[in-house]
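This report concerns only the one structure given below.
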Amino acid sequence: MIDDLDLGYDEQDRGEKGRHRRGRKRGGRSGGGRGKTVLALLLALVLLGGIGGGAFYGFERIQNYFVTPDYDGAGTEEVTVQIPQGAFLADMAVALYDAGVIKSTKAFIQAAEDNSRSRNIQPGTYKLRKEMSGANALAAMLDPQNRIINGITIPEGRTVKSIFKLLSEKTDIPVKEFEAAAKDPEKLGVPDWWFKRNDGKKVTKSIEGFLYPDTYEIPPDATAEIILGQMVDHFLTVTGEMEFADRVQKERGGISPYEALIVASLAQAEAGTKKDLGKVARVAYNRVYRGGFDCGCLEMDVTVNYYLEMTGQKTKTSAQMTQDELLDTKNPYSRKLRGMIPTPINNPGKDALEGAMDPPNGDWVFFVAIDREGNSAFAETYADHQKNEAKARAAGIIG
């Protein structure tokens, strides 16, 4: 008769990943399933009772088909577990099971679904123990003392060269390894469609622009490829949620997402305040794509500085730059070169991306900082721009 029972129930089944998502509504499970489990256990007990007291060993084996396998206690030896960004409950459960922390994925998932605080679990590295009960594993992950903090903050607007230096100082991974990993952006996760231009210029594949600025948890024993891949993945997540590529293609008059990413980096470098990011992006579009600027060039000193930094030279203020540096058309990032530059010049944040994706309407082609707070004045004509420059001189911003 026991063979007639449905015993095809695998408590370590990994197939729940698509159903158990981090942050889903709790309390959806009814008590009916548990009632059936109790009934089945009683039936098994009656059946085994008829066989005799020696059958309790068999009862324990059958019990595993009806009760979620779980360890009892706070665990044994210490182990570290990495929870990646964006992990669902099922992903966490698999990571814990693979590390030997829990006896079954369901033990952790059930504990998490019964505790609304489980949605507070952060990505990162956790110090846990092997053979913990699902409830104890959950409690340990909710305790901040068990989270190994090994984070690094990448500020908005940093170049890849600067980012590699920061990462190397934090991780002791040589800069050369980050440079080597960055040579193939697609291998790090950048889709090939990102490297498309609609302006007829040759595509230069660079990781610049795709290392999203944020605070990152650095996994133990991480490689340069893992760290940069983590940053690229975050860029893709953020821009995907913004619908950046789709909106640019629909709303920016034939400009490609890659060209808009370049504009976002220009706005990040040039704007002195958050509110001016979109306006600076609009100036870049107007100068290069709308024919409102005689040279059809960007004429922004920040592009010259980017070239100086990438070629190992010292960056300079606008006043320090020589005429040769300002007018050098052999420099692919020359301020006088017609059209859009080859690549982004830094890694812009979300506000700069939004500014390039959806800039305010305006025919501005000039702008200048006019106060110590970084506010800029924008103009459509050179005559109005000269008036704004007079304000900037009076405030001591320009000479």
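Points to keep in mind about this one:
- Scope the stretch 165-223; condition touching a Phe, Trp or Tyr at 6+ places or on another chain (Cβ under 7 Å) and on the phi > 0 side of the Ramachandran plot; matching residues: none
- Residue tally, condition in a loop (DSSP other than H, G, I, E, B), within 14 Å of Arg129 (Cβ to Cβ) and of a type in the set (S, T, N, Q), over the stretch 75-91: 1
- Residues that are in a helix (DSSP H, G or I) and either of a type in the set (A, V, I, L, M) or exposed (fewer than 15 other Cβ atoms within 10 Å of the Cβ) (or both) within the stretch 322-335 comprise Gln323, Asp324, Leu326, Leu327, listed in sequence order.
- No other residue among Ala264, Ala284, Ala319 is under 18 Å from Phe366 (Cβ atoms) and either outside any loop (DSSP other than H, G, I, E, B) or open to solvent by less than 40 Å² (accessible area, probe 1.4 Å) (or both) apart from Ala284.
- Hits in the stretch 186-226 - residues which are open to solvent by 20 Å² or more (accessible area, probe 1.4 Å), hydroxyl-bearing (Ser, Thr, Tyr) and more than 27 Å from Met340 (Cα to Cα): Thr215, Thr223
- Failed item, numbered, when Val238 is tested on (1) in a helix (DSSP H, G or I); (2) under 21 Å from Phe366 (Cβ atoms); (3) open to solvent by 10 Å² or more (accessible area, probe 1.4 Å): (2)
- For the stretch 295-316, filtered to residues that are assigned to a helix (DSSP H, G or I) and closer than 19 Å to Gly399 by Cα, the residue that is farthest from the chain's Cα centre (by Cα) is Asp301.
- Counted residues, the stretch 281-329 - those being more than 21 Å from Arg197 (Cβ to Cβ) and not small (Gly, Ala, Ser): 21
- When restricted to residues that are charged (D, E, K, R), outside any helix (DSSP H, G or I), open to solvent by 60 Å² or more (accessible area, probe 1.4 Å) and more than 23 Å from Phe244 (Cβ to Cβ), the stretch 350-399 contains 4.
The values are calculated or read from the model by the stated rules, or taken from the named source; none is laboratory data. Treat the numbers as computed from the prediction; the structure is a model and nothing was measured. Neighbour counts run over all protein chains shown; Cβ positions are idealised from the backbone, glycine included. These area figures cover heavy atoms from the full protein model, side chains too; ligands, DNA and RNA do not enter into them. Shrake-Rupley method; radii C 1.70, N 1.55, O 1.52, S 1.80 Å.
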